[in-house]
1. Leaving ligands, DNA and RNA out of it, report the carbon-plus-sulfur percent of the accessible area of the stretch 82-196 at a 1.4 Å probe.
2. Whole number in Å², please: accessible area per residue of the stretch 107-243, 1.4 Å probe, ligands, DNA and RNA not counted.
3. Probe 1.4 Å, all protein chains in place: accessible area of LYS69 in Å², nearest 10?
4. Magnitude of the Cβ-charge dipole of the stretch 122-183, K/R +1 and D/E -1, about the Cα centre, nearest 20 debye?
5. Mind checking the stretch 180-219 for trypsin sites (Lys or Arg not before Pro) that DSSP puts in a loop (not H, G, I, E or B) and that have at most 13 other Cβ atoms within 10 Å?
6. Can you count the Lys pairs in the chain whose Cα atoms are under 21 Å apart, with each pair 8 or more apart or on different chains?
7. Suppose every K and R has +1 on its Cβ and every D and E has -1 on its Cβ; what is the size of the dipole of the chain about the Cα centre, in Debye to the nearest 20?
8. Using the Cα centre of the stretch 47-150 as the reference point, and only Cβ charges (+1 on K/R, -1 on D/E), how large is the resulting charge dipole? Debye, rounded to the nearest 20.
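The values are calculated or read from the model by the stated rules, or taken from the named source; none is laboratory data. Bear in mind the structure is a predicted one, so any value in this text is a computation, not a measurement. Counting neighbours? That spans all protein chains shown, and the Cβs are built from the backbone with ideal geometry, glycine included. Accessible surface is based on the protein model in full, side chains and every heavy atom, while ligands, DNA and RNA are left aside. Shrake-Rupley method; radii C 1.70, N 1.55, O 1.52, S 1.80 Å.
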Amino acid sequence: MKSITFALLSIVPTFAQVIPNGASADLVLGQANFTVNTAGTSATKLSDPAGVVIDPTTRKVFVSDRGNKRVLRFSDMNALASGAAAEWVVGQPNFTSNGMGTTANTFGQFGPGGIYLDTSGRLWVADTGNCRVLRFDNALTATANQPNAARVYGQSNFTNSAPGTSATTMRFPASVLVDSGDRLWVVDIGNNRVLRFNSVSTHTTNGVAASGVLGQLNFTSANALPLEANSMDGPEGITMSSNGTLYVSDFERILRFNNAAALSNGANASGILGQPSFTESTFGGPSANYTNGPSGLLITVNDVLWVCDRKNNRMIYINSASTK
């Protein structure tokens with residue numbers, strides 16, 4: 001399978017095999033070739049990309065283009081050539097616009113971060129700057145640019161964008177995913193927590209309350225320290241295995257929550273990676289045992305955890321992540 005490079009970030013699909021150290025990328029999107037590095041606003045250019053997801057059936061590629069306040073969709077990854085043009089844009093009326101209105105709306109985005117495509121073909125966008133999560137239906141088949149979102153979380157309507165700390169509000173959400181049990185998980189970085197929304201397919205109104213929280217004891221607390229098994233400090237990345245194990249990247253560590261959907265508010269993490277204990281945050285030089293500012297995460301079907309180890313300027317993977 002191809003690996004995909006956006007700027008300096010190599011993203012590998014969940015079905016990929018182990019890649020040897022220092023391997024060359026096979027494809028680049030957002031640039032004409034591997035030696036160019038210029039931001040732009042067009043169907044072939046990106047500006048500060050923040051997230052990527054690939055549909056396992058159609059192989060369509062979705063990219064969160066943060067600097068251009070949009071999400072792009074590319075065709076089948078196996079048919080793409082380097083520098084290929086996107087086929088669809090969410091958040092902008094066309095491929096050459098990157099404007100933002102004075103208020104939030106049903107389609108606009110401000111610094112979108114993590115994105116997720118669920119098994120129903122719905123695209124979920126962490127609209128970070130507007131302190132909300134948007135859901136776009138029929139994302140694999142839609143052809144009209146700048147579609148309206150079908151639902152919003154973190155705000156009571158599509159025109160509000162103020163940050164908050166409660167079961168119905170968010171403060172700069174960074175990442176999202178939807179699990180096989182129809183639950184939405186949101187990394188609420190400004191509130192140092194992860195929110196869980198149950199039964200999202202049944203929600204008929206905007207701004208519904210979260211069903212659970214990890215990283216805080218309740219929905220109205222946003223403290224970051226001290227570092228413990230039940231606290232979070234600037235969480236950013238999230239991924240979940242097929243058996244319901246949740247992984248969250250947090251400051252200098254990665255927290256693992258076994259059977260996450262059944263946990264009570266403020267529950268302890270089951271394990272930790274990247275640090276020797278829950279209370280430590282070592283900034284030592286790069287090694288196989290320490291992470292420094294981990295961000296994006298991906299757990300594969302064979303229990304390999306991929307980590308964007310941001311401040312160490314590298315990607316790493318950890319075998320048998322559920323048992324460490």
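1. Solvent-exposed carbon and sulfur of the stretch 82-196 make up 50 percent of the total.
2. On a per-residue basis, 36 Å².
3. My reading of the accessible area for LYS69 is about 40 Å².
4. Here the size comes out at about 100 debye.
5. Of the trypsin sites (Lys or Arg not before Pro), not one in the loops of the stretch 180-219 has a Cβ with at most 13 other Cβ atoms within 10 Å.
6. Eligible lysine pairs with Cα atoms under 21 Å apart amount to 5.
7. Roughly 320 debye, rounded to the nearest 20.
8. 120
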